[in-house]
Amino acid sequence: MSKGGGDPHPGLSVPTWIAAPEWLAPPEWLVELVKPKKAPVPWPSAFRAAAALGTPLFAAWAAGRLSLGLFMAMGALSGTIGDRRGPYRVRALQIGLSALFGAIGIVIGQAVFDKGWITFVVVCAVALFAALSTVAGTIGATSSLQVLIFMLVASGRGFPPPFWQPPVLFLIGGAWALTLAMIGVLRDPVSPERQRVVAYLKDLADLADTIGADTIGTDTAEAQRRKVTTALNDAYDALLSGRVRSGGRHRSFRWFMGLLNSTTPLLEHIVAAIPSGRRPPEHVAPALREVADAVLHKHPVPALPSWHGTTTLAPIEDGSYPDPGIALRLRNAVDQILSGPTTRMFTLRFVLCIAIAELVRQLMPSSRSYWIALTVAIVLKSDFGSVFARAVQRAAGTLLGAAIGAVLIAVVPRGIGDVLVIAALAAVLPVALLRQYGMFSTFLTPLVVLLIDLLRPGGWSTLDARLIDTALGSAIVLVFGYLLWPQTFHNRIGPRFAGTVQTLADYTRAALGAPGGGDRNALRRDAYRKLSDLRTVFQQALAEPPPISRRASAWYPSIVALERMTDAVTRAAIRIDHGAPRPAPEDVAALADGIGDLVGSLRERRPLELPELGEDPALTDIASELEAAGKIITGPTTQAA
């Protein structure tokens, strides 16, 4: 692992606003850890996508009702797009909700088909719902996108009666995609991300067992240390790749990342013991293996061991605090939906672009004008992932895909030819998504073109209309979604990270009773909203081309550390509200100062100055999270603590 002290890639050109200390930059050792790796071709996902769309189309073609296969294939497509990997339980929820929301979109679209300005109002309302739902995480982003896309298609295309048939067939197709995805549970019920984290924990336990007086001057412990480093690299890479692939927030990835963060102080102690041959305490390796087994088998996870005893290093799960109550849960949900100004600004831009597209549709009616708003939805995509460079990729991919789709309609034989080409395009989607979203749009667009054309063939006559509408939709996104907004080019993670840390320090003082703490409820809302904004800016930066996206990805462990500290402060405040002893004000003030020092330690590349605290149980969780955050931000050292 890199120890800091200079860019490990001196030939890499980094914009000055990223490298400048006043803006903060992620630790170099983390930048080194998250270097992107070449992604292998996901053959199982490719075959699954082809079968999901191809099978119902083939069955409908064989029965002489190919148009009915359209709706099942559309449902399977929603499930395929909604499947962003991760734990199987989460994947099932993603695919199932994507199909359900897509069917709801069809129902809404059919209800407002050819209703003029009523359609305009409903489309804008659904776009607002799609944008706001995104803050709920990955599932909210993918599901809300499905309801918007298929509502646009149904509101502009018109489906044959009976009214119930399209949404029901759509759900059947989604259920088929879900069935195919869940077959993987029989083959391997453990997600790749979980496997990588478990492998790292076991390798760390093996390293603890390896160190001893007899290993001084030998390669035994050093070889195992390199194995641990590789395992940690793989775990970080799996989580960050999954975060990018999922296109938004993912609670499971955050949980795994928090676990990796929590092992950092222990890893530092173990690595520091290698040169001296000082054997780690006997309880460390067995405890690490116990944690690894619990993670692997999805059992309750015990506390991580510490170097000096059996006290917790950083609790992974803690359900020992009272239920916050319905009122606080509702306030937190409202805070999450309202989020911070960055999230609200994106919502405004998203709804504005959809509204302009629909306005063009109402003022310049044509048989294909729903493609304008559809293009906006595909290009802008309500998951906060779009920035200018990404929007250009998506716009170019969508435009090229529309042209390819029109050509395929003209040259591919009707019937079985459509089935084979659609299945082939579906197989390419998982591969393209791993490479670039512009490439994904290039193959997704002709697939949608071919599917919709099954209902009412248009052939070459639709080429001009599709290209013009796609170009109009892309232009709306680039002009009204980006170029007119100066904030587009100033999404800097460093300053927002610093602001979030300071707000968290203020919230800690207010929540735990330090003098001059301020309004606790207002600071809690401010802290969670700034965290939401920080995650939004982080997701946007991940979508930038390298090297910006590479350096942005290194912020993920630090952002997770802030999230966990904020939750720990909230838990402590709830315990106090329910009768737990209130900590000493001077200890709370010292802890808040320690949280605020995270920014200084990151900017100055120095160890975090941990506060001297007593054994106050109200502060233990927060202090352990702060220690882990400090190790993450400054990087592991080779010196014994």
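The values are calculated or read from the model by the stated rules, or taken from the named source; none is laboratory data. Computed from a predicted model, the values in this text were never measured in an experiment. Every residue, glycine as well, gets a Cβ built from its backbone with ideal geometry; the counts of neighbours run over all protein chains shown. Accessible surface is based on the protein model in full, side chains and every heavy atom, while ligands, DNA and RNA are left aside. Shrake-Rupley method; radii C 1.70, N 1.55, O 1.52, S 1.80 Å.
Do you know which residues across the range 121-144 are at pLDDT 90 or above and open to solvent by less than 10 Å² (accessible area, probe 1.4 Å)?
Hits for the range 121-144 are 123, 127.
Suppose we filter the range 561-582 for residues that are in a helix (DSSP H, G or I) and open to solvent by 30 Å² or more (accessible area, probe 1.4 Å); how many remain?
4
Residue check, residue 540 against (1) open to solvent by less than 10 Å² (accessible area, probe 1.4 Å); (2) over 15 Å from the mean Cα position of the chain (by Cα), all met but one. Which one?
(2)
Do you know which residues across the range 145-168 are β-branched (Val, Ile, Thr) and open to solvent by 10 Å² or more (accessible area, probe 1.4 Å)?
Those that are β-branched (Val, Ile, Thr) and open to solvent by 10 Å² or more (accessible area, probe 1.4 Å): 149, 168.
Please state which one of 171, 186, 178 is open to solvent by 10 Å² or more (accessible area, probe 1.4 Å) and modelled with pLDDT of 95 or more.
So the residue among 171, 186, 178 that is open to solvent by 10 Å² or more (accessible area, probe 1.4 Å) and modelled with pLDDT of 95 or more is 171.
Could you give me the residue pairs with C-beta distances under 7 Å whose first residue belongs to the range 401-426 and is open to solvent by 10 Å² or more (accessible area, probe 1.4 Å), whose second residue is of a type in the set (Asp, Glu) wherever it lies, and which are 6+ apart or on separate chains?
409/453; 412/418
For a quick check of your reading of the model, give me the residue pairs whose first member lies in the range 80-101 and is aromatic (Phe, Trp, Tyr), whose second is modelled with pLDDT under 75 and assigned to a loop (DSSP other than H, G, I, E, B), with beta-carbon atoms closer than 7 Å and at least 6 apart or on different chains.
That search, which allows pairs on different chains as well, returns 88/189.
Scan the range 583-608 and report the pairs whose first residue is open to solvent by 10 Å² or more (accessible area, probe 1.4 Å) and whose second residue is among the acidic types (Asp, Glu) and not in a helix (DSSP H, G or I), with Cβ atoms within less than 8 Å and a gap of 6+ or a chain change.
Listed by first residue and then by second, the contacts come to 584/616; 587/616; 590/612; 597/609.
Would you confirm, using the coordinates I've provided, whether residue 429 is modelled with pLDDT of 85 or more and either closer than 30 Å to residue 41 by Cα or assigned to a helix (DSSP H, G or I) (or both)?
Yes: the conditions hold for residue 429.
For the range 272-286, how many residues meet the condition of being at pLDDT 85 or above and assigned to a helix (DSSP H, G or I)?
Here the count works out to 3.
Any chance the range 626-641 includes a residue that's open to solvent by less than 60 Å² (accessible area, probe 1.4 Å), modelled with pLDDT of 85 or more, closer than 27 Å to residue 277 by Cα and not charged (D, E, K, R)?
Yes; the residues of the range 626-641 include at least one that is open to solvent by less than 60 Å² (accessible area, probe 1.4 Å), modelled with pLDDT of 85 or more, closer than 27 Å to residue 277 by Cα and not charged (D, E, K, R).
Looking only at the range 521-532, which residues are open to solvent by less than 10 Å² (accessible area, probe 1.4 Å) and more than 15 Å from residue 592 (Cβ to Cβ)?
531, 532 - these are the residues of the range 521-532 that are open to solvent by less than 10 Å² (accessible area, probe 1.4 Å) and more than 15 Å from residue 592 (Cβ to Cβ).
Looking only at the range 585-611, which residues are assigned to a helix (DSSP H, G or I), of a type in the set (A, V, I, L, M) and over 30 Å from the mean Cα position of the chain (by Cα)?
588, 589, 590, 591
Could you list, in sequence order, the residues of the range 77-124 that are of a type in the set (Gly, Ala, Ser) and not in a helix (DSSP H, G or I)?
Answer for the range 77-124, where residues must be of a type in the set (Gly, Ala, Ser) and not in a helix (DSSP H, G or I): 86, 116.
Could you please find all residues in the range 49-62 being surrounded by fewer than 21 Cβ atoms within 10 Å (Cβ to Cβ) and more than 15 Å from residue 418 (Cβ to Cβ)?
Residue satisfying the conditions is 51 alone.
Quick check on the range 159-177: of everything there that is in a loop (DSSP other than H, G, I, E, B) and touching a Leu at 6+ places or on another chain (Cβ under 9 Å), which residue is nearest to residue 104 (Cα to Cα)?
Only one residue fits best here, namely 159.
Does any residue in the range 107-136 that is at positive phi come within less than 8 Å, Cβ to Cβ, of a residue that is open to solvent by less than 60 Å² (accessible area, probe 1.4 Å) and at pLDDT below 85 six or more places away or on a different chain, and which pairs are these?
114/158; 116/362
May I ask you to say which residue of 350, 384, 346 is closer than 30 Å to residue 521 by Cβ, surrounded by 18 or more Cβ atoms within 10 Å (Cβ to Cβ) and at pLDDT 80 or above?
Just one listed residue meets the conditions, 350.
When you go through 40, 26 one by one, which is the residue that is part of a loop (DSSP other than H, G, I, E, B), modelled with pLDDT under 90 and either touching a helix residue (DSSP H, G or I) at 6+ places or on another chain (Cβ under 6 Å) or open to solvent by less than 30 Å² (accessible area, probe 1.4 Å) (or both)?
Within the list 40, 26, the selection yields 26.
Within the range 498-520, how many residues turn out to be surrounded by fewer than 17 Cβ atoms within 10 Å (Cβ to Cβ) and either free of Cβ contacts under 8 Å to residues at least 24 places away in the same chain or charged (D, E, K, R) (or both)?
The qualifying residues number 4.
If we keep just the residues of the range 190-227 that are in a loop (DSSP other than H, G, I, E, B) and open to solvent by 10 Å² or more (accessible area, probe 1.4 Å), which is nearest to residue 299 (Cα to Cα)?
Only one residue tops the list, namely 190.
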